[in-house]
Amino acid sequence: MEQNGTYSFLYTEDDESVKKESMFRITMKRLLKNKMAVLGGIILIIIVLASLLAPWISPYDYTYQELYNVNAGPSAEHWLGTDSLGRDILSRLLHGGRNSLTIGIVSTLLSALAGTALGATAGYYGGAYDNVVMRILDVFQAVPSMLLAIAISATLGTGYINCIIALTISGIPGSARMARASCMGVRNQDYIEAAVSINASEPRIIFKHVLMNALAPIFVMATMGVASNILMSASLSFVGLGVQPPEAEWGAMVSAGRNVLRYYPHICISPAIIIMLTVLSINMLGDGLRDALDPRLKQ
């Protein structure tokens with residue numbers, strides 16, 4: 001806009017949306033150039049869609065028992081065979097994915113939100129508050145995550161909700177430390193000092209300026225955390241502290257077949273392979289996101 005021989009530029013919300021969209025496009029272009037990340041994304045999409053559509057595409061009810069056809073191998077009737085109670089393994093895999101994926105995603109999301117809030121405020125304020133928060137988290141991190149999750153599950157009891165709570169609590173320290181390190185790296189930047197100089201509120205500075213410019217490593221860590229929590233939920237179910245029968249869950253399915261592994265290995269192999277594929281695909285996608293979001297890497 002020209003006014004009296006000079007030009008003044010007006011900043012509008014549309015400009016901001018264009019910048020955000022362009023950054024998203026740049027990230028997606030970098031991600032799509034990574035063949036391994038694309039492959040991981042395709043595998044993950046297939047697994048997620050199959051789990052979401054389980055009620056409509058599974059050939060049998062996942063609780064239906066054919067007691068005359070137990071431990072049957074793969075056949076035209078049961079593509080992946082049946083377990084020791086005569087239940088169709090493919091149907092249980094599809095429905096089990098709903099529990100395994102939901103536990104991994106929800107627990108990671110909750111721990112990331114709680115840990116990011118703690119880490120961001122600790123990294124911004126520093127001082128005594130930072131020391132108190134970090135020392136409390138040190139106590140939790142002194143115990144291995146898996147052992148902490150087992151202890152919490154054993155205390156709260158078994159079940160779907162308690163498994164999510166256990167994995168959420170065990171994941172908070174790692175998320176908080178990542179958020180704290182990321183926020184400490186940007187809190188002294190010029191735009192933060194500019195926000196302080198115009199008397200912007202501290203919550204606005206922390207969550208709009210500090211945190212939003214430190215989200216890339218947090219987002220990548222959360223993506224990797226989903227894979228880790230899927231493994232941990234499967235481990236909890238394997239030892240009897242996770243999802244309980246007759247509900248289907250991949251770790252519980254592996255546990256159900258361990259006693260007959262020598263004679264009927266197909267009962268364990270199918271859920272073990274799907275766990276491996278899911279975790280592998282998420283890690284491949286997470287590696288691609290890390291590379292795509294790293295400004296130092298020009299692709």
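If I ask for residues that are under 17 Å from Ala166 (Cα atoms) and not in a loop (DSSP other than H, G, I, E, B), which ones from segment 239-251 would you list? The one that is under 17 Å from Ala166 (Cα atoms) and not in a loop (DSSP other than H, G, I, E, B): Gly251.
Selection within segment 46-98: residues that are of a type in the set (Phe, Trp, Tyr) and farther than 17 Å from Tyr264 by Cα. The member of this set that is surrounded by the most Cβ atoms within 10 Å (Cβ to Cβ) is Tyr62. Applying the condition of being among the β-branched types (Val, Ile, Thr) and without any contact (Cβ under 8 Å) to a residue 12 or more places away in the chain to segment 111-140 and asking which residue is farthest from Lys208 (Cα to Cα) yields Val139.
Candidates Leu211, Leu215, Leu277: the one that is under 23 Å from Gly73 (Cβ atoms) and among the hydrophobic types (A, V, I, L, M, F, W, C) is Leu277.
Screening Ile136, Ile198, Ile164, Ile172 for residues that are farther than 30 Å from Asp61 by Cα and in contact with a helix residue (DSSP H, G or I) (Cβ under 6 Å, 6 or more places away or on another chain) leaves exactly one candidate, Ile172. Hey, any hits in segment 139-156 for a residue that's among the aromatic types (Phe, Trp, Tyr), more than 27 Å from Ala50 (Cβ to Cβ) and surrounded by 15 or more Cβ atoms within 10 Å (Cβ to Cβ)? Yes, there is a match, as at least one residue in segment 139-156 is among the aromatic types (Phe, Trp, Tyr), more than 27 Å from Ala50 (Cβ to Cβ) and surrounded by 15 or more Cβ atoms within 10 Å (Cβ to Cβ).
May I ask you to verify whether Leu236 is surrounded by fewer than 22 Cβ atoms within 10 Å (Cβ to Cβ) and part of a helix (DSSP H, G or I)?
No: the conditions fail for Leu236.
Return the residue satisfying two criteria in turn: it lies in segment 183-221 and is small (Gly, Ala, Ser) and either within 27 Å of the chain's Cα centre (by Cα) or crowded, with 17+ Cβ neighbours inside 10 Å (or both), and of such residues it is modelled with the highest pLDDT. Only one residue tops the list, namely Ala216.
Contact map, segment 63-79: first residue closer than 18 Å to Ala248 by Cα, second residue exposed (fewer than 15 other Cβ atoms within 10 Å of the Cβ) and of a type outside the set (Val, Ile, Thr), Cβ cut-off under 7 Å, separation 6 or more or different chains; pairs are Thr63/Pro246; Val70/Ser84; Asn71/Ser84. Report yes if some residue within segment 265-287 is hydroxyl-bearing (Ser, Thr, Tyr), surrounded by fewer than 21 Cβ atoms within 10 Å (Cβ to Cβ) and modelled with pLDDT under 95; otherwise report no. Taking every residue of segment 265-287 in turn, none turns out to be hydroxyl-bearing (Ser, Thr, Tyr), surrounded by fewer than 21 Cβ atoms within 10 Å (Cβ to Cβ) and modelled with pLDDT under 95.
The values are calculated or read from the model by the stated rules, or taken from the named source; none is laboratory data. All figures in this text were calculated on a predicted structure; none of them were measured in a lab. Here the Cβ is made from the backbone with ideal geometry for all residues, glycine too, and neighbour counts use every protein chain on show.
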